[in-house]
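The values are calculated or read from the model by the stated rules, or taken from the named source; none is laboratory data. Keep in mind the model is a prediction, meaning the values are calculated, not measured. Positions of Cβ are backbone-derived with ideal geometry, glycine not excepted, and every protein chain shown enters the neighbour counts. Heavy atoms of the whole protein, side chains included, go into the accessibility calculation; ligands, DNA and RNA do not. Shrake-Rupley method; radii C 1.70, N 1.55, O 1.52, S 1.80 Å.
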Amino acid sequence: MDTNRISRRTKILTNHLRHDPPTSTTILQHNACLCYSPPELSESNLVTFDVREMRKLLDGHNLEERDWLFGLIIQSGLFNRREVDGRVFVSPDYNQSMEQQREMTMKRIAYLLDRGVFRGWLTGDGPQEELRKLALHEVIGMYDHSLAVKLGVHIFLWGGAVKFLGTKRHHDKWLRATENYDMKGCFAMSELGHGSNVRGIETITTYDPTTGEFVINTPCESAQKYWIGGAANHATHTIVFSQLNINGSNQGVHAFIAQIRDFDGNICPNIRIAECGHKIGLNGVDNGRIWFDNVRIPRENLLNSVADVSPSGEYLSAIKNTDQRFAAFLAPLTSGRVTIAVSSVYISKISLAIAIRYALTRRAFSIAPNGPEVLLLDYPSHQQRLLPLLAKIYAMSFASIELKMMYVNRTPESNKAIHIVSSAYKATFTWNNMRTLQECREACGGQGIKTENRIGQFKGEYDVHSTFEGDNNVLMQQISKALLAEYIACQTKNKPFKGLGLEHMNKSCPVIPSQLTSSTIQSSEFQIDLFHLRERDLLKRFAEEVSEHQSQGNSKESAFILSYQLAEDLGRAFSERAILKTFMEAESALPAGSLKDVLGLLRSLYALISVDEDAAFLRYGYLSTENASAVRKEVPKLCAELRPHALALVNSFGIPDAFLSPIAYNWIESNSWSTAQN
């Protein structure tokens, strides 16, 4: 054996066995234990504006009712109330089985029903009653997605279908009974073989004039009703969407009321119901599948505001155009898109409030030797992870208020615009919510994984939003299709654009300066000009590409499908322009002062991060590479300016402490040994 090797090994063993004290040079410096300090105590967190006034702007309506419902939920043990470090938190217990979660959902509905939460949700009239309903539903969704969806299916979908597609005989029989939960409704539209393509559903309904009954049938396995919320356990009745076949002629999709259980919970004859199973979220909702085996229902159960069938079997409708008739039957989905879009904004608010509060108290790494560790939100990289998302949520809050006002003040003339805007916002807001949840989860490190800290759990709960009430990609293509129709109509008839915010198309094309200064980049005039330029150019390009495909022998539908890339770019451009315009209108309505100043920073950050993230600005030449670089450099500057306001901006959301999570507060004590023993 090598003597040098023996010598080295002997030396190592000797050092292991010796007990000599280490020299001073090897002693590690002792670091004091970390202490939590509330961010409100830090001088670096400014409060330069009225937080209560900001909340009024962000919520927009019914603040007192919202706070009343927050209180009802926080004070009840039914909502899994627990205390951590002297602070109360409420959130569902996701350790419960699927069956237990469903049972708790129904108990919570009963609690809220007894306290008058649902008063007027279907029997009330006018915009104020609708705004109250929307506000309370938003609060419920902030607590538990399952609870909000279960109510949404019963009230907004089943109840909404009865209200909007039915007539007086249906209203008198069902609306108050639905509001009082005397029965439980569900909404059977989606099928195994057809989701977004409702026109293609396969359930068939015929009319038997000898008995005055409709006969509903599931002709094949792909026609089974699928993902029907409430069907698996609780619903007694359903709205069935089905092809209506009269005397051998298909009249298209219509809506019928069918009973699927008696009031003791027994499944009705000729109805088969099966479970959809465990899901990545929403396990407090009993999603089920339904088969109809020649189920007979009274003729009066056809929801007949759009079309009717006489006792003798004659088909009657004032709407002769089948496309318009089909669109009328889809009206209940509009309320669903509105509530989903707004819900996504509020969930993003919760996740940002948690992640930003955590980043204002959690430290990591020192910049200088033996210096203090740096707060996460003092790192420019961490600012750029969270603050642009904060700016987007401010922008989307104003847009969501506008959407709700459009909806509650709707008229037959405005329905088309509401459909387009609600589709755009539903897709944009839900996609943004999932991105926000992922970024906030990562920004909270390992703490973001814990269910009690909410953000990680939200990812599974809200992923389905991109599919609910229409696949997001399909909705975006519908928007572009509608914009194309407007463009062609205006070009063909040589008339100006009107509505959907397209009036800017009537003006001359904006000109972007060849060199951009910081003041120009942060001006609202430049930002809206740039968004207008993108939208009008993409609309023109889209129309030209579709036309080119048609000239090559493709049908209009095929040409549209082949132009999907431009369709997606245009849908995004329309949505982001509409959001920016709404933000600018909210900002301009304020008097000069600190509130307006901070909103100006947020508006600029929203606009510039949207530009930086969309390759279309470079791809189609709206910005030179130099100007695109100049825009990008403004983003960290704006983040740094907003950093002192971050705490006040999330506090302006008006979310009670109990609806956040332990890491939003004293995350050291909430993870202490003493807390673990309780």
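Convert each backbone phi in region 243-249 into a coupling constant with the Karplus relation 6.51 cos²θ - 1.76 cosθ + 1.60 (shift: θ = phi - 60°), then list the ³J(HN,Hα) values in order as whole Hz, x for Gly and Pro.
Residue by residue, region 243-249 yields 5, 9, 10, 10, 6, x, 10 Hz.
For region 90-179, give the percent of accessible area contributed by carbon and sulfur heavy atoms, probe 1.4 Å, rounded to a whole number.
Values: 1550 of 3100 Å².
Using a 1.4 Å probe with all protein chains present, region 90-179 comes out at 50 percent carbon and sulfur.
Pop out the ³J(HN,Hα) list for region 394-411 in order, Karplus 6.51 cos²θ - 1.76 cosθ + 1.60 with θ = phi - 60°, rounded to Hz; leave Gly and Pro as x.
4, 4, 6, 5, 5, 5, 5, 5, 4, 4, 5, 5, 4, 5, 6, 9, 5, 10
With everything on Cα atoms, drop me the angle between helix 3-17 and the longest principal axis of the chain, reported from 0 to 90° to the nearest 10.
80
On C-alpha positions alone, give me the angle between the axis of helix 98-114 and the longest principal axis of the chain, in degrees, nearest 10.
Approximately 70 degrees, to the nearest 10.
For region 542-678, with every protein chain kept in place, what is the accessible area per residue (1.4 Å probe, Å²)? Provide the component values of the computation, followed by the final result.
Working: 5600 Å² over 137 residues.
Normalised by residue count, the accessible surface of region 542-678 is 41 Å².
Can you tell which of V598, S547, F526 lies farthest toward the positive end of the dipole of region 516-643, using +1 and -1 charges on the Cβ of basic and acidic side chains (Lys, Arg; Asp, Glu)?
Going by the charge dipole, the pick is V598.
Mind checking which aspartates and glutamates have their C-alpha under 18 Å from K596, skipping anything on the same chain fewer than 8 residues away?
D50, E53, D59, E525, E585, E587, E641
Considering only DSSP beta bridges with both partners in the chain, what is the antiparallel share in %, to the nearest 5?
Among the beta bridges of the chain, antiparallel pairing accounts for roughly 85 percent.
Could you give the accessible area per residue of region 184-318, probe 1.4 Å, as a whole number in Å²?
In whole numbers, region 184-318 has 39 Å² accessible per residue.
How high is the relative contact order of region 90-179, in percent, with contacts defined as C-alpha pairs under 8 Å that are six or more residues apart?
32
Could you look at region 581-678 and say what percent of its accessible area is carbon and sulfur, using a 1.4 Å probe and all protein chains?
55
Taking only C-alpha pairs under 8 Å that are 6+ residues apart, what is the relative contact order of region 301-385 in percent?
Reported relative contact order: 13 percent.
In Å², and per residue, what accessible area does region 90-179 have when probed at 1.4 Å with the other protein chains present?
Result: 34 Å² per residue.
Report relative contact order for region 516-643 in percent, whole number only (criteria: Cα-Cα under 8 Å, sequence separation at least 6).
30
Heavy atoms of the protein only, probe of 1.4 Å, neighbouring chains included. What is the accessible area of H170 in Å², nearest 10?
10
Pop out the ³J(HN,Hα) list for region 44-50 in order, Karplus 6.51 cos²θ - 1.76 cosθ + 1.60 with θ = phi - 60°, rounded to Hz; leave Gly and Pro as x.
Karplus-based 3J(HN,Hα) across region 44-50 equals 7, 9, 8, 10, 9, 10, 7 Hz.
Which percent, to the nearest 5, of DSSP beta bridges fully inside region 203-269 are antiparallel?
Just about 85 percent of them are antiparallel.
Show the residues, 5+ positions off or on another chain, whose built amide H is closer than 5 Å to the amide H of G252.
For G252, whose amide H was placed from the backbone, the distant partners under 5 Å are L244.
Carbon and sulfur: what percent of region 349-482's accessible surface (1.4 Å probe)?
On the way: 2640 of 4750 Å².
Ligands and nucleic acids excluded, carbon and sulfur give 56 percent.
By how many degrees, between 0 and 90 and to the nearest 10, does the Cα long axis of helix 168-179 differ from the longest principal axis of the chain?
30
Would you mind giving the average projected area, over all directions, of the Cα convex hull of the chain in nm² with one decimal?
That works out to 42.3 nm².
Which of the residue pairs K279/K404; K225/K404; K56/K498; K56/K581; K133/K184; K540/K633 have a Cα-Cα distance greater than 22 Å in the structure shown?
Working: K279/K404 30 Å; K225/K404 30 Å; K56/K498 31 Å; K56/K581 19 Å; K133/K184 18 Å; K540/K633 30 Å.
Violating the 22 Å Cα-Cα cut-off are K279/K404; K225/K404; K56/K498; K540/K633.
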